[in-house]
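None of the figures in this text is laboratory data; all of them are computed from the coordinates on show. Keep in mind the model is a prediction, meaning the values are calculated, not measured. Glycine also receives a Cβ, built like all others from the backbone with ideal geometry; neighbour counts cover every protein chain displayed.
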Amino acid sequence: MPTLPSKPQNYFLNESHELSVGEKGGGGRYVEYLNINWLQKAQRLHSSLERVSQRASQSRDPLSKRRYYLIADPSPQIVKASKAKDAVRGQKLEAVVFSGEQSKFFERIGLDLIEVHQPSGVATVHATPEHMDQLLSRTAQLAGLGAREQARFVAFESFDWLSGKWKFDNEWLHEIGQKSAEGYIKLQPMISELEADLVIRALEQVFRGHAGVALQGKGRSYLGRFFLRAKLTAQMIKMLADEFTSIQSIHPPIFAFTESAPPAVVSSAKPLERGRIGFGG
């Protein structure tokens, strides 16, 4: 008996190994979240991501549109539908703690968790340009999507530009006052050697226009993290921390040696050279 001709079909998964939102079927059980106005939440999340994207396009950081480092603000609490004995009228309250069980929410929306800031509980996260575009698209449609897709965003209140206040200790700045001091500029994780070189060149341009500051050396820790040794003022620290999301922290030397040995440092009067544990090549 001849077989009927069939139409060939191709199936493609995205980089998260997921079908698109419209192709997803039933699947297993999922947690039902209650008392959420998804129209308002979607608007809040989408507008906050748009502000981050706009700020990134204006930044002097050469990686601002290649690697998005941003702040994720947790929802105060979430309400789950529950049949547990300790549930109250079928509901169970749960605090959102990004350093705990809720850290899994980042992976569900394509974000990498970098660190959680205490005591505020906000988190620094990383997104590729592709994932940033997906977040903007999904949050724009979130109010009309199914409960399973909405549940991925339940733990997030909003997103924000990674401002400088998360990167330095105010007490250290008060100690510096109007003077110059030695400090270490540590770059974010996941930055490649080529990307680190782009950031360093941009920082060199910034330092050239200011008196009393200088880049003095650069290196790479045993964890593969890139850092710079510099002569800094409080004003320069604030400006760099707020402008360059590629910078994770700026701190005095005492903290730098807990992670790695110092690089070979050259005189600030000479061109910046590669350190003994530096970039290589």
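Calculated FRET efficiency, Ile36 and Ala211, Cβ-Cβ r, R0 51 Å, to nearest 0.05?
0.45
Using 7 Å Cα-to-Cβ label points, what is the Glu182/Ala143 separation (nm, one decimal)?
Rounded to a tenth, the inter-label distance reads 5.7 nm.
Rank the residues Ile191, Ile237 as a footprinting-exposure proxy: fewest other Cβ atoms within 10 Å of their Cβ go first.
Ile191, Ile237
Computed FRET efficiency, Cβ-Cβ of Ala87 and Arg66, R0 41 Å: what is it to the nearest 0.05?
Efficiency for this residue pair is about 0.35.
Going down the table (Lys41/Lys167; Lys41/Lys92; Lys41/Lys238; Lys41/Lys85; Lys104/Lys167), which pairs top 26 Å between alpha carbons?
Lys41/Lys167; Lys41/Lys238; Lys41/Lys85
No solvent, one uniform scatterer per C-alpha: report log10 I(q)/I(0) for the range 170-256 via the Debye equation at q = 0.19 1/Å, two decimals.
Taken in order of the listed q values, log10 I(q)/I(0) reads -0.82.
Expressed as a rounded percentage, what relative contact order does the range 170-256 have, with Cα pairs under 8 Å and six or more residues apart?
It comes to 45 percent, rounded to a whole number.
Give, in nm to one decimal, the length gained when the segment between Met239 and Gln118 is fully stretched (0.36 nm per residue of separation minus the Cα-Cα distance).
Here the answer is 41.3 nm.
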